[in-house]
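Novice: Okay, here's the structure, questions in a sec.
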Amino acid sequence: MTGLLPLEATIEIGKHVERTFLGMTFNIDTIISTVVAGVLVLLLGFWARAAITKPHADHVPSKPQLIWETIVDQVNTQVEDNLGKIPPYVVPLAVALFFFILFANWLELLPTEINHHLHLLPAPTADTNLTYAMAIMAMVGVWIYGIREKGVKGYFKHFLEPFPVLLPLNILEELTKPITLALRLFGNIFAGGIMLALIGLIPFYASWAPNLLWKLFDMAIGGIQAFIFALLTVLYFGMAGAGHGEHDEAHADGADHDENPALAH
């Protein structure tokens, strides 16, 4: 297969169309691809909302409504059974992240590369600027939720568990969560872009088969990575509020016993 490659070929890794404004550098191709993926998610959301809220004369829920309610109920049930209660906005957030990342990953598969120097819609998730931004956004939301649920003292107390000597390791683990969340997504999508670039160096009469197979594989990888990012976001929210729901339930049970002492006997 190596004999089919050109004698001289260059693959530019991590190069973007850049513009500088007010001393800051912007990756224009990443911004455009991000906007496209965001618009697709909005269109999907508006369509789903119209389908779910559409009135029916027979008052029978529509198929999109049943699918959406099933997904939300199942995710909430699985997380609450293992980690405790989560806020109602977490699952919609995770679903939005899933479809946004999925669309962003799949943009790489579209034939929008004009030449080796101009790619109109590269996968924005192959740029760490976007993956770090999403990971930081998710983790800041997790930290805010944890503090709101447990209070500042209650939330930071878990860094001393199970032993105070583990405080540095627990803090390090918490700080590395957004880094690993971002780099996991970036690494897989970036590697897929490199493979497509390598396959593109093969003459067309020999590259169509590996190109087709790899694009199918890349679609699966893009879907899996979107699912993992969304799933970890839900799990982090569940972990941040873990124990709070159980405490409330125990407190409520204690109140019931106090109000009904006869029932306790």
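The values are calculated or read from the model by the stated rules, or taken from the named source; none is laboratory data. The structure displayed is predicted, hence computed values, not measured ones. Every residue, glycine as well, gets a Cβ built from its backbone with ideal geometry; the counts of neighbours run over all protein chains shown. SASA here: full protein model, heavy atoms, side chains in, ligands and nucleic acids out. Shrake-Rupley method; radii C 1.70, N 1.55, O 1.52, S 1.80 Å.
Novice: So, in region 29-38, exactly how many residues are open to solvent by less than 70 Å² (accessible area, probe 1.4 Å) and either small (Gly, Ala, Ser) or out of contact with any Pro (no Cβ under 7 Å at 6 or more places or on another chain) (or both)?
Specialist: 4
Novice: Quick one: is Pro210 in a loop (DSSP other than H, G, I, E, B), modelled with pLDDT under 90, surrounded by fewer than 18 Cβ atoms within 10 Å (Cβ to Cβ) and more than 22 Å from the chain's Cα centre (by Cα)?
Specialist: no
Novice: Answer with yes or no whether Thr131 is β-branched (Val, Ile, Thr), open to solvent by less than 20 Å² (accessible area, probe 1.4 Å) and either within 24 Å of the chain's Cα centre (by Cα) or at pLDDT 90 or above (or both).
Specialist: Yes, satisfied.
Novice: Next up: Which residues, counting only those in region 140-173, are surrounded by 13 or more Cβ atoms within 10 Å (Cβ to Cβ), of a type outside the set (Phe, Trp, Tyr) and closer than 20 Å to Lys85 by Cβ?
Specialist: Residues satisfying the conditions are Gly141, Val142, Gly146, Ile147, Arg148, Glu149, Lys150, Gly154, His158.
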